[in-house]
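Okay, structure first, notes after.
Any read-out appearing in this document is the output of simple, stated calculations on the displayed coordinates, not a laboratory observation. This one's a predicted model, so the numbers in the text were calculated from it and none came from an experiment. No Cβ is skipped: glycine too gets one built from the backbone with ideal geometry, and neighbour counts run over all protein chains shown.
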Amino acid sequence: MSSSALSQGGDGGPGAAGTDELHLTRRTIVSYAFGSVGTGVFGAVPGLVLAYYLTNTLGVAAGFAALVVAVPKAWDVVVLPIVGRLSDRSAERVRSRLPFLRLAGVLLPLAFVLMFAVPPALGPALAGAWVFVAFILAATAFALFQVPYIALAAELTDDPAERSTLMAVRVAFLTVAILMGGALAPVIRDAFGGTYLGHFVMGVCMAGLMGVGIWLCIIGLSKARARISPAAEGGLLDQFREVRHSRAFVVLLAAFVIQALGLSAMLGGTQYYATYILEKPTAVTILFVFLVAPAIVVMPVWNWVAHRFGKEHGYLVATLMFLAGTLVLLFGGRTLSLPIIYAAIALCGMAYGGLQMFPLAMLPDCIAADTARSGHARAGVFTGLWAAGETLGFALGPGLVLVVLAFSGFISSRADELVVQPDSAITGVLMAFTAVPAVLITISLPFILRYSRASAADAARVPLPTAAGSSGAPTPPAPTTPGDPS
């Protein structure tokens, strides 16, 4: 299906009407970035407070809590690629990915509130089941937003350098959202008693923040132009087989998923670290700020590094910086002073910005290279797999923390109950917060080092023939609007 070039209202389209080149405007960049408010809050808040909510408010045993946290995200691993394929077909039919975003903008905030609306009368088993079902619904709604949202990054501009800028701004918004969600959620929770009511009020506030970000993104992008290619033929499994031939995508996805697992383990262990290592439960907000805020400050630096030295080199540097911070915390153990702890976490925070920006800027390059070679849209399939891997990593991180705690003898408790943890559990908390992320970040390094060779191998592949049977890269379709067709 072909498409016609349509100009954007307001400040002008990403390219003039009637031209083939797509370039970004300030409105498009900012509107797109607002979507990260929704993804950032949903990624940060459950990872930070949900495990602790289950074990220390609802009284759910750590092993069962691990399943409640991990299984809904594992469900996303199944549903995300399906959403990606449906998104590709819908985009070809209606020239828009926004219908999926609108549906998610309604469902996600509602399901998020339900996660933290457990009636106090329920026992631990039923309370865990309540959170499990609500989390499944929220994860499904999140998939409806995340997959088409990421796919748009490859379709809003034809310029790889502009994609770096788009991702830098997006990650800056993402980091602010993570900081706001992670810092405010515990404060709001504790201001209302820290138990059932506190979690419910927190859930309502965080759901509202997500909804505002998602709808600002939808409204802002309603007239932005994008290049929607025809959906690739064949079923979902056929597209998986094609996508796996993108070697750069495969190694990039592997590195990102492994790192997501490590990052989410540190995030999921933050409250436990503050409570049992620092012996200051309210310090969780300070720790979270030191982990996230530096990423905002250094984002312009990471963007400069991407343009000056290349995205893959910046990605490697950011990875090594994060590893250095975790090793300081690991080998310092319980003897480190607070200033050194905060400095090490701030180093991880500076690296965190790069660990988010660089792979997200490299992903659209992989998608664009595949589209240029094949002439078909597989952006939804690519991003479905990417989001599935990201979701799996960020889901298993808190679950991994809970598994470590379960094996170390951690004792769960209901709200207002005081228990004394054994020394083995305190050691388990330290290992979950430091050793687990350090090991996983180390495992990701070989995949990052392989990216340049994989990208070069993809570039050397012969382009598929065009529909007319000629060789060479297919002619891309003209840009259109991702909003509703007029």
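What's the local net charge at Phe447, with K and R +1, D and E -1, over the other residues with C-beta under 13 Å away? All intermediate terms of the calculation are to be shown ahead of the outcome.
On the way: positive: Arg247, Arg450, Arg453; negative: Glu312.
In short, +2.
About its Cα centre, how strong a charge dipole does the range 308-454 have in debye, to the nearest 20, once Lys and Arg get +1 and Asp and Glu get -1 at the Cβ? Let's see the in-between values first.
Details: 8 positive and 7 negative charges, 100 e Å.
Around 480 debye, computed over the range 308-454.
For the residue pair Ser452 and Phe407, what label-to-label distance in nm results when each label sits 7 Å from Cα along the Cα-to-beta-carbon direction?
In this crude label model, Ser452 to Phe407 measures out at 3.7 nm.
Under 18 Å from the 7 Å Cα→Cβ point of Val30, by amide nitrogen: which residues of the range 198-214?
212-214
Can you sort Thr335, Thr434 by how many other beta carbons sit within 10 Å, fewest first? Don't skip to the answer; put the middle values down first.
Working: Thr335 7, Thr434 25.
By the 10 Å Cβ count, ascending: Thr335, Thr434.
Let's test the formula: R0 of 45 Å, r as the Cβ-Cβ distance of Leu197 and Val301. What FRET efficiency results, to the nearest 0.05? Walk me through the numbers before you get to the answer.
Details: r = 42 Å, r/R0 = 0.94.
After rounding, the FRET efficiency stands at 0.60.
Give me Ser455, Ser264, Ser424 ranked fewest to most by other Cβ atoms within 10 Å of their Cβ, as a rough exposure proxy. Provide the component values of the computation, followed by the final result.
On the way: Ser455 21, Ser264 29, Ser424 12.
In order of increasing Cβ crowding within 10 Å: Ser424, Ser455, Ser264.
Arrange the following residues from fewest to most other Cβ atoms within 10 Å of their Cβ: Leu323, Leu48. All intermediate terms of the calculation are to be shown ahead of the outcome.
Details: Leu323 22, Leu48 27.
Arranged by neighbour count, lowest to highest, Leu323, Leu48 become Leu323, Leu48.
What FRET efficiency comes out for Val106 versus Thr335 if R0 is 60 angstrom and r is the Cβ-Cβ distance? Round to the nearest 0.05. Let's see the in-between values first.
Values: r = 50 Å, r/R0 = 0.84.
Computed FRET efficiency for Val106 and Thr335 comes out at 0.75.
Taking the Cβ-Cβ separation of Ala117 and Ser424 as r and a Förster radius of 25 Å, what is the calculated FRET efficiency to the nearest 0.05?
It comes to 0.15.
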